[in-house]
Every structure is written in structure tokens, then in C-alpha cells.
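The values are calculated or read from the model by the stated rules, or taken from the named source; none is laboratory data. None of the values given here were measured: they were computed from a predicted structure. Cβ: placed from backbone, ideal geometry, glycine included. Neighbour counts: every protein chain shown. SASA here: full protein model, heavy atoms, side chains in, ligands and nucleic acids out. Shrake-Rupley method; radii C 1.70, N 1.55, O 1.52, S 1.80 Å.
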Amino acid sequence: MKIKLLISCLCIVLCFSCKTETSEVVISKENISAENYLKPKEQDQFLGGIKMIPITTPKGTFKVWTKRVGNNPTMKVLLLHGGPGMTHEIYECFDGYFPQENIEYYYYDQLGSYYSDQPKDLSLWDLDRFVEEVEQVRVALNLNKDNFYLYGQSWGGILGMQYALKYQEHLKGLIISNMVASIPEYQEYSDTVLAPKMNPEVLKEIMAFEDAEDYSNPRYIELIVNNYYTEHVIRMPIEDWPEPINRSFKHVNPDVYITMQGPSEFGIKGDAILKNWDVKDRLKEITVPTLTIGATYDTMDPKHMEWISTEVKNGDFLLCPNGSHLSQFDDQKVFFKGLISFIKSVDDGSFNQ
């Protein structure tokens, strides 16, 4: 969920490296050849699968950006990006894995994100409103219980859980990636497990900036990047961070991020909207096939993410042993092998048998 800081981090990287349709159709199972999978639908050819979807909100109607890749009537994955206020770009590595497995998928920039409309009314940055937005996107893309897999990572995992608790009758499968079910427990894990692992002098200096709420200080940013992000967000030297990550960080909307996540890069503090979010006691209500993905070095507790898979009615857990918060990059082979296996096992009916 730690995203705002990384706008500033890009400057450091450069220095170091001298940077609405409503009808649903009944779908029958069929084999999809590579030729048919890559064949564009007629309505996609003009814009290459991009569709701007109108979203009704209490403050008016706005448009959000989506892009379809592939064609499979029984496996369609909607990607919920993290942030909040991030973009779809951080998932472009899915292009290297899903097409060859004939999995159809949708990139999607949530309202306020770079490729979608960006209204300035802060009251729009509300979890329940985002849930209704996802439902409107689902309807517009004609996704339903016969084909609809919802993938959410980090903040997208929060949104995915909250969506499932209200609208799971429309889901075929749910993937909760790199996210726990309680923000207070996330904060506790950061304070009591991750922080003590840091160099004591570094931690002391970081906490001095935290106490002073001096979150934009270049020294604070440098300390966090070099001692926290490269350990728990993406385990690569910052000069090696993938280009889609750097590009996405340039595009983050800080108004959305700070309103919901808060200004700190060492947890969720202040009056952030998500500060007290917790659905641990409601996980048993989720009955659709569910995969939780965690990583050994994540900002989130991997044991908590494994526990989620035992609380939902029909769950499984994937551990990325060498990964961190962005395990789709730093433990990519394990990540995609497990994710693809889950989607296909739900599709063919073998999941948890």
C-alpha cells in the first residue's frame, strides 16, 4: 500500500542511476485456440480493447479506463490495482504469462487514477463507493459467475474482499494478493516485527521524521527507500526497478492516496479513511473459491494471509518464498505458476478436490 512516497523515490532512482451494458450471457465451456484467443472482437479493433466506462457516483458521472486482452468465455480476470490512486501499469507483467495460458484479463484504472477521470472532490475516495464502482465495471464488461475472477493486490485486495462480501454471487473466483484483512494488524506487524529488524540507528532517525510528521523530507525518503522498500516492497536495487513500476509511480494520484492511506510511509496513520478497516470476523461469509497470495518478505504478515485462506469457506494459499509486496516481480515464477494454477483449477472444477 506504500505508494505516495515512490513519486519522490523516482527522483532518487534517477540520481542513483544518473527515473453500460446490463445483460448477461449464458456461457458454455469450450476450448480456446491461440488463434481465437488473440483474435480481436470487432468492437475492440478501433481502440485495441480499450473501453471507457461511465460510472455513476453521488457527485456525478465520470469515466474509468479499462482494456481487454484475450478472449476466453470462462476465464476472465479483472485486475484491481493497489495504491489507492495507483494505476494498472504495475501489472503489465501479466502480459508475459496470461496470454499463453488463454486467460482473458482486464486492465482497469479506478476512478481518480491516471488513465481515468480524476475529480477533485475528496468525498469520492470512500471504500463503499469504490465497491459500487467495481460492480458497475463488472456489468459494463458483462462479467458474471460463469467467468468472473476478481484479482486484487494490496489496496486492491481490500477492495476485492469488500466487493466479495457484498456481491460474491457474481464471482467465479477471488484472488487476494499481498493484503491482510485488518489494517490495525498490518500496523502492529509493521511496528513489532518489521521495524525491529531494521538497523536501530536508521529506525531511530526514521521515527524522528515520523514523530515530526516530516514525511516529505528527502532524508526520510532516502532512509525508507534504502532500508524498507528494497527489503519489503520490491527486493531489487532501486536502479533495477522495472520500468512499469517507475512509470506507474509517476502517475500516482496523491489526493486519493493520502486521503485513504495517509501521509506516512511506515504504516497508516493520522485520519486516513482506511486506518481502522477490519473484516477478519466476516471472512467466513466468503464462499467462492479464494486464493490468498503472500510473500515471506512482504510488508504484510504472510501468516495472516495464510490464515485468511482458512477462514473463507473454500480457500487456498500461495507463498512466494523469495518475494515481497510486489511479488509479481521479485518472485515472478512462483507467483504466476500458483495464480494460473488456481484460475485453471476453478475453471475445470478440480479446485480443492
All but one of (1) open to solvent by 10 Å² or more (accessible area, probe 1.4 Å); (2) among the hydroxyl-bearing types (Ser, Thr, Tyr); (3) within 27 Å of Asp347 (Cβ to Cβ) hold for Thr57; which doesn't? (3)
Any residue in region 299-326 that is more than 22 Å from Glu231 (Cα to Cα) sitting within a Cβ distance under 7 Å of a residue that is open to solvent by 40 Å² or more (accessible area, probe 1.4 Å) and assigned to a loop (DSSP other than H, G, I, E, B)? List the pairs, counting only those 6 or more apart or interchain. Lys313/Thr287; Asn314/Thr287; Asn314/Asn352; Asp316/Asn352
Residue list for region 55-71, restricted to those being farther than 30 Å from Ile234 by Cα and either at pLDDT 95 or above or part of a strand (DSSP E or B) (or both): Ile55, Thr56, Thr57, Pro58, Lys59, Gly60, Thr61, Phe62, Lys63
Of the conditions (1) closer than 26 Å to Lys333 by Cβ; (2) within 16 Å of the chain's Cα centre (by Cα); (3) open to solvent by 30 Å² or more (accessible area, probe 1.4 Å), the single one that Tyr114 does not satisfy is (1)
Go through the residues of region 168-179 one by one and say whether even a single one is among the charged types (D, E, K, R), part of a helix (DSSP H, G or I) and surrounded by fewer than 18 Cβ atoms within 10 Å (Cβ to Cβ). yes
Consider region 213-243. How many of its residues are basic (Lys, Arg) and open to solvent by less than 10 Å² (accessible area, probe 1.4 Å)? 0
Subset of region 260-280 that is in a helix (DSSP H, G or I) and modelled with pLDDT of 95 or more - its residue that is least open to solvent (accessible area, probe 1.4 Å): Met260
Determine whether region 194-201 contains at least one residue that is within 29 Å of Gln110 (Cα to Cα) and open to solvent by 40 Å² or more (accessible area, probe 1.4 Å). no
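Can you tell me which residue in region 146-167 is nearest to Val180 (Cα to Cα), limited to those that are buried (at least 19 other Cβ atoms within 10 Å of the Cβ) and of a type in the set (Phe, Trp, Tyr)?
Trp155
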Within the bounds of region 333-348, is there any residue that is part of a loop (DSSP other than H, G, I, E, B) and over 17 Å from Lys172 (Cβ atoms)? no
Checked region 281-327 for anything assigned to a helix (DSSP H, G or I), closer than 14 Å to Gln168 by Cβ and open to solvent by 30 Å² or more (accessible area, probe 1.4 Å); matches are Arg282, Lys284, Glu285
Inside region 210-255, can you point out the residues that are over 21 Å from the mean Cα position of the chain (by Cα), more than 29 Å from Leu124 (Cβ to Cβ) and not in a helix (DSSP H, G or I)? Ala212, Asn217, Pro237
Among the residues of region 335-353, what is the count of those that are closer than 15 Å to Thr292 by Cβ and open to solvent by 50 Å² or more (accessible area, probe 1.4 Å)? 2
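Name the residues in region 314-353 that are small (Gly, Ala, Ser) and on the phi > 0 side of the Ramachandran plot, would you?
Taking region 314-353 first, the residues small (Gly, Ala, Ser) are 315, 323-324, 327, 338, 341, 345, 349-350.
Within region 314-353, Gly349 is the sole residue that qualifies.
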